[in-house]
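Reading through the structure tokens given below for one structure.
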Protein chains: 2
Amino acid sequence: MIVLVHHLLCAASRAVRLQLSEKGVAFELRVERPWERRADFLRLNPAGDLPVLVEDENAVAGVLAALEYVEEIHADPPLLGRDPQQRAEVRRLLNWFLVKFEAEVTATVVGEKIGKRISNGGPPNSRAISAGRQNIHMHLDYVAWLMERRRWLAGEQMTLADIAAAAQLSVLDYAGEVPWAKHPEAKDWYARIKSRPAFRPLLAETLPGIPPPRHYTDLDF
Amino acid sequence: MIVLVHHLLCAASRAVRLQLSEKGVAFELRVERPWERRADFLRLNPAGDLPVLVEDENAVAGVLAALEYVEEIHADPPLLGRDPQQRAEVRRLLNWFLVKFEAEVTATVVGEKIGKRISNGGPPNSRAISAGRQNIHMHLDYVAWLMERRRWLAGEQMTLADIAAAAQLSVLDYAGEVPWAKHPEAKDWYARIKSRPAFRPLLAETLPGIPPPRHYTDLDF
């Protein structure tokens, strides 16, 4: 069985977890605290980041490799798009949400606010948090812009683009850091993806001593 | 014909250019200065970064989308690996060199030293340059570690992993910022990929007023 090495605060891990659930693939979760830089974990992924998929003797390291691997091995339903142009659009948005959004919003806001606390990483950098809180508005506006033109972020079908964006926003939402009231179009889109069965077990999980806000699991938030 | 929107200092653009050349795909180059944030360019790629491939009416934005698109449209020779495990390894290393190496080395060293000069971006941040100059040693050590175990970075065949790593190092080499003398194994690997015909036109190109060091085009550097 596939093992997903993950952490609940890691949006990239959430994306692969949601993808596996959407496809009905059975998997086991194994929690890793990547900041501990355990030798056994670094052998799985020398880059030291999450997620890693382990299947038999093979490790698939990193979110982009993992998402593509799962699409290749479990093709049904296709979540990457049905032709090269569509896949290019999904991959453009994967880069947007997994690299750009991660760096501009999640890594700063959640990394500074909760990540440092659970890893004993020192005091949070409040300037970084403020910058990330500003940056999220542009990203939520971009979701709204896409939603005016399409049914899902990359087109008419739900794809990994939606999963990656929802994974990021769900981590921020756990930290109470999504200004939903100012972004109703993004909220409507998130409500749709949040109500999918694949989301339920993920939203039910919590970090010891760091509960999410009450609206986090609520489908009418 | 495919148009590659690129900049000579952009390692990601170089990677796609080398991929197209290795496959013998005809393409035109169009130079973009992404820091100008031209409206026409942002319509092609709202993220505002390079490269972008344009074919007929379609734009493929971002290096990961572009590399995967070219593999899908021009499958021969395959540069992404021949089975799902191999492709996972190539994609792990693509993320390593195109995201991690870019952030830890190229964006700081070349971005501060030359990027700011050509974009009127203000004085270079010498602390960032020092940090990048330290970081490159770890990456060159990792190339050496892989070369002790494999013929090419991802295995027995040359793949996009080699192309992405060579693209990064060629940009740093243009700036005279690769400490080759301290890293003979990485140098041997780079000499092999640098001598491929696909590399020649790329190395022949220069930025006005910013010549590369003499060894940049030399196959016996």
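Here, each number is a calculation from the coordinates, and none is a lab measurement. What you are looking at is a predicted structure, and each value in this text was computed from that prediction instead of being measured. Cβ placement follows ideal geometry from the backbone for every residue including glycine, while neighbour counts extend to all protein chains displayed.
The table below gives the values:
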quantity	calculated
Estimated vicinal HN-Hα couplings, Hz - region A:29-44 in sequence order (Karplus 6.51, -1.76, 1.60; Gly, Pro = x)	9, 10, 7, 10, 9, x, 5, 6, 6, 5, 4, 4, 6, 5, 5, 5
Neighbour-count order for A:ARG43, B:ARG33, fewest beta carbons within 10 angstrom listed first	A:ARG43, B:ARG33
Derived scalar couplings ³J(HN,Hα) [region B:49-65; Karplus, 6.51 cos²θ - 1.76 cosθ + 1.60; whole Hz; x for Gly, Pro]	10, 9, x, 10, 9, 10, 9, 6, 9, 9, 10, 10, 9, x, 5, 5, 4
Sequence-distant lysines (8 or more away, or on other chains) whose Cα lies within less than 29 Å of A:LYS182	A:LYS100, A:LYS113, A:LYS116, A:LYS194
Computed FRET value (nearest 0.05) for B:TRP145 with A:ASP188, which takes r as the C-beta separation and R₀ as 51 Å	0.55
Environment charge at A:GLY111 (Cβ cut-off 14 Å; Lys +1, Arg +1, Asp -1, Glu -1)	+1
For region B:160-169, 3J(HN,Hα) per residue [Karplus equation, 6.51 cos²θ - 1.76 cosθ + 1.60, θ = phi - 60°, Hz, x = Gly/Pro]	4, 4, 5, 5, 5, 5, 5, 4, 4, 5
Full-stretch length increase - A:GLU72, A:LEU207 - with 0.36 nm per residue and alpha-carbon distance subtracted	45.4 nm
Listed residue (A:SER21, A:ALA47, A:ALA66) projecting farthest to the positive dipole end of region A:2-73, Cβ model	A:ALA47
A:ALA26/B:ARG82 FRET efficiency (R0 25 Å; Cβ-Cβ; nearest 0.05)	0.35
5 angstrom amide H check on A:ARG30, placed H, neighbours 5+ away	A:LEU4, A:VAL5, A:HIS6
Whole-Å semi-axes of the protein assembly as shown's equivalent ellipsoid (Cα gyration tensor)	35, 24, 23
Counted charge near B:LEU146, where neighbours are those whose Cβ lies closer than 11 Å (Asp, Glu -1; Lys, Arg +1)	-2
Label-to-label distance, nm, for residues given as B:LYS116 and A:ASP40 (7 Å Cα→Cβ offset)	4.5 nm
Under 11 Å, Cβ to Cβ, from B:GLU32 - net charge with Lys/Arg +1 and Asp/Glu -1	+1
Cα centre as origin, Lys/Arg/Asp/Glu Cβ charges: chain A dipole, Debye	640 debye
FRET E, pair B:ALA107, A:VAL3, Förster distance 41 Å, beta-carbon r, rounded to 0.05	0.75
